[in-house]
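Below you'll find the structure, written out as structure tokens, and then a few comments.
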């Protein structure tokens with residue numbers, strides 16, 4: 001299992017070495033930024049993530065993305081020199097927004113751990129459902145042993161998990177939680193939520209927060225009668 | 001989100017329409033099956049799954065697979081006319097073996113549900129770690145919204161989940177489990193186990209069964225003090 005094969009996760013219907021997925025040659029280029037677009041970087045990222053989610057990363061070219069937002073390919077290159085850079089930026093942005101959403105949904109620290117953990121789990125599920133296509137792209141667009149995670153992504157993932165651990169650690173310190181391993185509990189909670197990317201149907205009858213409630217109940221109270 | 005885009009999940013470094021990933025033309029072909037290989041189908045599947053796991057599905061050609069097992073490309077085509085057929089066969093075989101491993105590890109029905117569910121979760125983790133590379137290929141080689149799941153795969157997945165539900169339903173019937181939704185519990189248990197494909201390090205200090213024990217404990221007893 002090679003540890004670093006930065007290109008091994010990429011494939012492209014046009015081949016590995018086309019201009020689509022390589023950094024453009026160093027030759028200086030005048031790239032136009034259209035004055036009419038308020039937040040081009042964000043607009044490109046949002047359109048790209050929709051296209052990746054619907055058509056697959058490999059099948060979506062920077063050209064497709066440019067067309068979707070009404071920019072020239074050169075303008076897209078101005079912000080994102082490669083598809084990988086664009087993909088990494090989407091992932092980090094999404095995880096940051098997930099973090100901020102859950103942090104914003106958290107009751108104050110003086111609330112009981114059960115209330116806070118439930119709110120965090122529901123917040124996660126809410127964000128997941130609201131950003132379903134992007135979320136699935138993020139977590140399933142690539143994978144396997146060769147996935148290369150950027151430092152920024154690693155940092156935000158860690159920050160997110162740390163937020164869950166902190167909620168739980170407070171409950172352990174308070175004596176409300178019977179076990180002493182916050183990492184195991186945080187991992188269990190996040191695993192149940194994260195696996196929803198594999199089976200959740202946004203057109204189904206139940207909302208993602210309903211499943212989060214189920215999972216919180218399992219985790220909080222256990223299934224066996226004492 | 002298109003429901004059926006059978007080719008959208010595929011990509012290939014040689015392009016979408018090469019002979020690598022298309023069914024060969026109908027022209028009859030004499031394919032040789034080497035007498036020296038005892039179980040060519042299984043040998044090809046095992047080699048392919050190692051190559052997919054290490055190098056990625058898209059980067060691995062049927063030619064690479066043929067070379068790895070010492071067969072001609074024509075001989076590989078004899079068993080698997082396309083990479084997709086080969087991939088689907090690997091997935092179904094792996095899930096069947098997972099099922100059989102866990103079924104074989106289950107204590108008799110008269111044992112308490114806690115003992116049986118723990119054994120099932122440990123059995124899952126054991127199989128996962130023993131077949132790590134294959135397992136990650138299966139669950140992460142492709143994904144996203146466009147993953148097309150074969151009927152055989154759907155059937156064996158269902159059978160596997162049903163086995164977990166049956167263990168739990170027995171516990172509900174016995175009065176040992178306090179809730180009444182076997183599907184939620186089975187899903188929670190399997191989600192925690194399945195998410196290990198995303199972070200488990202086979203070179204790490206703890207074995208997969210140790211994490212399964214952690215998860216069983218969370219699920220069985222809950223985290224909040226009564």
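Miscellaneous remarks
- Among the residues of B:212-221, the average count of other protein chain beta-carbon atoms within 10 Å of the residue beta-carbon is 5.
- Shortest first, residue A:161 label-point distances to identical copies amount to 2.6 nm, with the label point at 7 Å from Cα along Cα→Cβ.
- Peptide B:199-205, shielding by other chains (average Cβ, 10 Å cutoff): 1
- Distance between the 7 Å Cα→Cβ label points at residue B:100 and residue B:74: 3.3 nm.
- One residue of chain B places its C-beta nearer than any other to the axis carrying B onto A; that residue and its whole-Å distance are B:222, 1.
- Label-point spacing at residue A:183 relative to the other copies reads 3.6 nm, in ascending order, each point sitting 7 Å out from Cα along Cα→Cβ.
- Other protein chain Cβ atoms within 10 Å, averaged over every residue that makes up B:148-160: 0
- Distance between the pseudo-spin-label points of residue B:63 and residue B:155 (7 Å out from Cα toward the beta carbon): 3.6 nm.
- Sorted peptide list for B:84-95, B:199-210, A:204-215, A:50-61, criterion being average Cβ within 10 angstrom, highest first: A:50-61, B:84-95, A:204-215, B:199-210
- Estimated inter-spin distance, residue A:174 and residue B:183, nm [label 7 Å along Cα→Cβ]: 3.3
Read-outs throughout are calculated quantities, based only on the coordinates presented, and are distinct from any laboratory measurement. Computed from a predicted model, the values in this text were never measured in an experiment. Backbone-built Cβ (ideal geometry, glycine too); neighbour counts: all protein chains shown.
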